[in-house]
There are 2 protein chains.
Amino acid sequence: MILITNDDGISANGIKMLTNVARSYDDVIVFAPDGPRSGMSSAITYGKPLTYTHIGKRGNVDFYSCNGTPTDCVKLARQTVFKDVQKPLVLSGINHGSNASVNIIYSGTMGAVLEANLVGIPAIGFSIDSHDANEDLEVAADVVRMVLDKYYRGDFDDYYAEANADVPVCLNVNIPVGECDGLMICQQARGMWSEEFEKKVNDKGEEEYWLVGNFINLDKDRNDNDLYALNNHMASIVPVTTDMTLRPCTERMNRD
Amino acid sequence: MILITNDDGISANGIKMLTNVARSYDDVIVFAPDGPRSGMSSAITYGKPLTYTHIGKRGNVDFYSCNGTPTDCVKLARQTVFKDVQKPLVLSGINHGSNASVNIIYSGTMGAVLEANLVGIPAIGFSIDSHDANEDLEVAADVVRMVLDKYYRGDFDDYYAEANADVPVCLNVNIPVGECDGLMICQQARGMWSEEFEKKVNDKGEEEYWLVGNFINLDKDRNDNDLYALNNHMASIVPVTTDMTLRPCTERMNRD
């Protein structure tokens with residue numbers, strides 16, 4: 001059984017396309033935010049209640065809308081409609097906007113994926129390198145098919161086993177706009193945002209700051225990362241971890 | 001110059017205590033959310049404006065309140081009152097509640113720390129293992145002093161340099177309640193939340209789900225992690241990274 005969520009909300013084109021592809025692999029439960037939750041990272045809701053509504057069924061797909069964040073959706077679905085299912089897989093996206101490089105940190109799409117990983121469920125996040133909500137998603141759909149073919153053939157499980165990674169498959173997939181020449185397994189590029197806010201004065205004379213930002217690729221001389229893949233018409237696949245320990249330092253610091 | 005923020009809001013006891021300790025090391029700018037933002041992870045605000053207000057100055061500390069998330073606070077302070085400062089250091093906390101183990105993923109306190117790391121500024125998050133907003137913070141203050149003494153002596157820089165970690169110091173410090181027998185440099189414990197929601201029926205007859213949750217320590221047989229430290233009356237120091245690549249898998253997957 002596949003659980004699908006996203007951070008653009010249940011009405012976004014990206015989640016519709018992801019659902020259309022995924023339903024040919026297994027039964028699907030769509031359990032997604034009732035509206036946009038972009039930039040929510042792994043935010044959770046507490047101190048106020050979550051609710052969800054069954055909004056319909058089409059073929060082998062059930063649709064549920066939830067008032068929470070992407071992470072809330074995974075948590076609540078696991079306790080309700082996605083509880084104790086066979087062969088669970090969580091998919092998130094297709095996000096309208098890249099989550100390559102450090103954008104994984106801010107991403108609600110990837111927040112849902114990380115949440116699945118934390119509770120032992122394999123999960124894959126898909127994002128397209130365009131913020132246009134009406135972007136053509138045909139190429140992205142092909143990439144989703146390629147990745148799910150690999151997933152259901154057990155390719156990723158094999159990789160993980162051979163690498164002695166005793167964790168569920170957890171992937172951040174980013175897809176270029178237009179043509180895609182293949183998949184590239186790679187690392188998260190270093191990058192940062194600069195000049196992030198535009199200052200405006202509102203009608204009351206108050207200063208307001210609107211997030212805009214310029215992205216800076218700090219690994220532009222390297223060819224082993226997700227930004228390189230996107231810039232060279234390839235879809236990037238980064239295996240990700242929820243263990244944020246900086247290992248070399250831990251080892252060094254403990255030698256004293 | 002030290003920037004201090006948190007996710008419990010500018011009025012919390014934890015940020016007051018952190019500020020009281022930090023001001024003896026350097027000038028301080030407190031730039032914190034105007035109310036609680038717990039569980040906000042690295043969430044950012046966009047599509048609506050941020051504002052901030054100078055709410056006072058006491059000695060070498062300036063206080064600013066902001067309507068955004070902890071991550072927003074770091075971003076906006078960097079573009080305004082914490083721009084181009086000498087020897088920048090970001091501190092976050094003292095959070096009321098542990099951010100050990102996987103709680104780092106959901107933590108707004110640590111979201112601010114990760115944001116500083118992404119733009120090249122050293123940063124340390126402090127949390128105490130108690131959700132009591134009125135918890136005694138004297139021991140925690142001692143731990144903050146010990147960690148800042150090490151920081152300003154250059155101990156952490158030395159560790160990072162010797163480990164060839166070409167990134168700013170970025171630490172997740174968790175502090176036990178009551179006595180503290182020392183500092184332990186260690187890794188993030190594996191863990192997860194289960195049975196997360198309590199179901200209630202509201203006045204309108206609608207089902208509501210309230211986040212509660214039981215935490216499960218998946219590394220309870222190990223003695224090298226932050227939960228072990230807390231359970232043994234030590235403060236844990238986990239050096240953390242914003243590179244979420246699962247390296248062994250990347251290396252294996254690229255061998256094909």
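The values are calculated or read from the model by the stated rules, or taken from the named source; none is laboratory data. The structure displayed is predicted, hence computed values, not measured ones. Backbone-built Cβ (ideal geometry, glycine too); neighbour counts: all protein chains shown. Calculation scope for accessible area: heavy atoms of the full protein, side chains included, ligands and nucleic acids excluded. Shrake-Rupley method; radii C 1.70, N 1.55, O 1.52, S 1.80 Å.
What ³J(HN,Hα) values, in whole Hz, does the Karplus curve 6.51 cos²θ - 1.76 cosθ + 1.60 give for the range B:223-233 when θ = phi - 60°, with x put for Gly and Pro?
Karplus-based 3J(HN,Hα) across the range B:223-233 equals 10, 10, 9, 5, 5, 4, 4, 4, 5, 10, 6 Hz.
Heavy atoms only, probe 1.4 Å: what % of the accessible area of the range B:1-142 goes to carbon and sulfur, would you let me know?
Values: 2060 of 4610 Å².
That fraction is 45 percent.
Considering the options A:SER24, A:GLY125, A:HIS54, tell which one lies farthest towards the positive end of the dipole of chain A, charges being +1 on Lys and Arg and -1 on Asp and Glu at the Cβ, about the Cα centre.
Final value for the positive-end residue is A:HIS54.
Quantify how strongly other chains surround peptide B:97-104 by giving the mean number of their Cβ atoms within 10 Å of each of its Cβ atoms. Could you put the intermediate results ahead of the total?
Numbers: counts 0, 0, 0, 0, 2, 9, 0, 5.
That average works out to 2.
Antiparallel as a % of all DSSP beta bridges within chain A, to the nearest 5?
On the way: 19 of 47 bridges.
The antiparallel fraction comes to roughly 40 percent.
Let's see if you can work this out: charge +1 on each Lys and Arg Cβ, -1 on each Asp and Glu Cβ, no other charges. What is the dipole magnitude of the range A:192-256 about its Cα centre, in debye to the nearest 20?
On the way: 8 positive and 14 negative charges, 57 e Å.
Around 280 debye, computed over the range A:192-256.
By a straight-distance test (C-alpha under 19 Å), which aspartates and glutamates pair with B:LYS200 as possible cross-link partners, with residues fewer than eight away in the same chain excluded?
Cross-link targets: A:ASP72, B:GLU208.
From the Cα gyration tensor of the range A:187-234, with a ≥ b ≥ c the square roots of its eigenvalues, which class applies: rounded if a/c is under 1.5, or else prolate if a/b is larger than b/c, or else oblate? Spell out each step's value before the answer.
On the way: a/c = 5.56, a/b = 3.74, b/c = 1.49.
Taking the square roots of the gyration eigenvalues as a ≥ b ≥ c, the range A:187-234 is prolate.
Where a ≥ b ≥ c are the square roots of the eigenvalues of the C-alpha gyration tensor, would you call the range B:19-133 rounded, which needs a/c under 1.5, or, failing that, prolate if a/b is larger than b/c, or oblate? The partial results should precede the final answer.
Numbers: a/c = 1.42, a/b = 1.18, b/c = 1.20.
Rounded, since a/c falls under 1.5.
Give the interface area between chains B and A as buried accessible surface, both sides summed, probe 1.4 Å, in Å² to the nearest 100.
Details: alone 13570 and 13600 Å², together 20640 Å².
Interface between B and A: roughly 6500 Å².
Lys/Arg Cβ at +1, Asp/Glu Cβ at -1, dipole of the protein assembly as shown taken about the Cα centre: which of A:PHE82, A:LEU227, B:GLY182 is farthest positive-ward?
A:PHE82
Which order, highest average first, do B:39-46, B:79-86 follow once you tally other Cβ atoms within 10 Å for each residue and take the mean per peptide? Numbers along the way, then the final one.
Details: B:39-46: 24.2, B:79-86: 13.8.
Order by mean packing, descending: B:39-46, B:79-86.
With no solvent and one equal point scatterer placed on each C-alpha of the range A:155-256, evaluate the Debye formula and give log10 I(q)/I(0) for q = 0.18 Å⁻¹, two decimals.
Each listed q corresponds, in turn, to -1.00.
Report the charge-dipole magnitude of the protein assembly as shown in Debye, nearest 20, computed about the Cα centre from +1 at each Lys and Arg Cβ and -1 at each Asp and Glu Cβ.
On the way: 44 positive and 74 negative charges, 90 e Å.
The dipole magnitude comes to about 440 debye.
Within the set A:LYS57/A:LYS87; B:LYS16/B:LYS57; A:LYS16/B:LYS48, which residue pairs have Cα atoms separated by over 23 Å? Kindly include the intermediate steps, with their values, before the conclusion.
On the way: A:LYS57/A:LYS87 21 Å; B:LYS16/B:LYS57 13 Å; A:LYS16/B:LYS48 27 Å.
Violating the 23 Å limit, Cα to Cα: A:LYS16/B:LYS48.
With only Lys, Arg, Asp and Glu charged, each at its Cβ (+1 for the first two, -1 for the last two), find how big the charge dipole of chain B is about the Cα centre; round to the nearest 20 debye.
Values: 22 positive and 37 negative charges, 156 e Å.
Dipole size: approximately 740 debye.
Can you check what the net charge comes to around A:GLN86, using other residues whose Cβ is under 11 Å from the Cβ of A:GLN86 (Lys, Arg +1; Asp, Glu -1)? Don't skip to the end; give the middle numbers.
Numbers: positive: A:LYS87; negative: A:ASP26, A:ASP27, A:ASP84.
Here the count lands on -2.
Using the heavy atoms of the protein chains alone and a 1.4 angstrom probe, what is the accessible area of the protein assembly as shown per residue in square angstrom? Write down the numbers at each step before the final one.
On the way: 20640 Å² over 512 residues.
In whole numbers, the protein assembly as shown has 40 Å² accessible per residue.
Express the relative contact order of the range B:1-129 as a whole percentage, based on alpha carbon pairs under 8 Å and six or more residues apart in sequence.
On the way: 301 pairs, mean separation 41.1, N = 129.
Relative contact order here is 32 percent.
Would you mind giving the three semi-axes, in whole Å and largest first, of the ellipsoid equivalent to chain B according to its Cα gyration tensor? Intermediate values should be presented prior to the final figure.
On the way: eigenvalues 140, 127, 83 Å².
In descending order the semi-axes read 26, 25, 20 Å.
If you count, for every residue in A:235-243, the Cβ atoms of partner chains within 10 Å of its Cβ, what is the mean? Show your work: numbers first, answer last.
Values: counts 0, 0, 3, 6, 10, 6, 8, 8, 12.
The mean count of partner-chain Cβ atoms within 10 Å per residue comes to 6.
Please report the orientation-averaged projected area of the range B:94-226, defined via the convex hull of its C-alpha atoms, in nm².
Values: hull surface 42.8 nm².
For the Cα atoms of the range B:94-226, the hull's average projected area reads 10.7 nm².
For the protein assembly as shown, with the dipole built from +1 on Lys and Arg beta-carbon atoms and -1 on Asp and Glu ones, taken about the Cα centre, which of A:VAL113, A:VAL238, B:CYS73 lies farthest toward the positive end?
The one lying farthest along the dipole's positive direction is B:CYS73.
Work out which GluC sites (Glu not before Pro) in chain A are exposed loop sites (DSSP not H, G, I, E or B, at most 10 other Cβ within 10 Å) and give the longest gap free of them. Display every interim value, and only then the final one.
On the way: sites that count: A:GLU179, A:GLU195.
No qualifying site falls inside A:1-178, the longest such stretch.
Where both partners of a DSSP beta bridge lie in the range A:127-256, what percent of those bridges are antiparallel, to the nearest 5?
Values: 13 of 19 bridges.
Around 70 percent of the beta bridges assigned by DSSP in the range A:127-256 are antiparallel ones.
Can you tell me the length gained on complete extension of the stretch A:ASN214 to A:ASP136, counting 0.36 nm per residue apart and subtracting the Cα distance? Don't skip to the end; give the middle numbers.
Working: separation 78, 0.36 × 78 = 28.08 nm, distance 2.45 nm.
Here the segment from A:ASN214 to A:ASP136 would lengthen by 25.6 nm.
Hey, for A:ASP158 with labels 7 Å out along Cα-Cβ, what do the inter-copy distances come to in nm, ordered shortest first?
Output for A:ASP158: 4.9 nm, nearest copy listed first.
Can you give the local net charge around B:TYR209? Use residues other than it whose beta-carbon is closer than 10 angstrom to its beta-carbon, Lys and Arg +1, Asp and Glu -1. Don't skip to the end; give the middle numbers.
Numbers: positive: A:LYS75, B:LYS199, B:LYS200; negative: A:ASP72, B:GLU196, B:GLU198, B:GLU207, B:GLU208.
That sum, taken over residues with Cβ under 10 Å, equals -2.
By DSSP, what percent of the beta bridges with both residues in the range B:1-108 are antiparallel, rounded to the nearest 5? Don't jump to the answer; show the numbers that get you there.
Values: 6 of 19 bridges.
Within the range B:1-108, antiparallel bridges account for around 30 percent of the total.
Between the range B:108-180 and the range A:105-138, how far is it from one alpha carbon centroid to the other, in angstrom?
Centre-to-centre distance over Cα atoms comes out at 30 Å.
Determine by what factor the alpha-carbon radius of gyration of the protein assembly as shown differs from 2.2 N^0.38 Å, reporting the quotient.
Numbers: Rg = 22.1 Å, N = 512, 2.2 N^0.38 = 23.5 Å.
Rg over 2.2 N^0.38 Å, computed on Cα atoms: 0.94.
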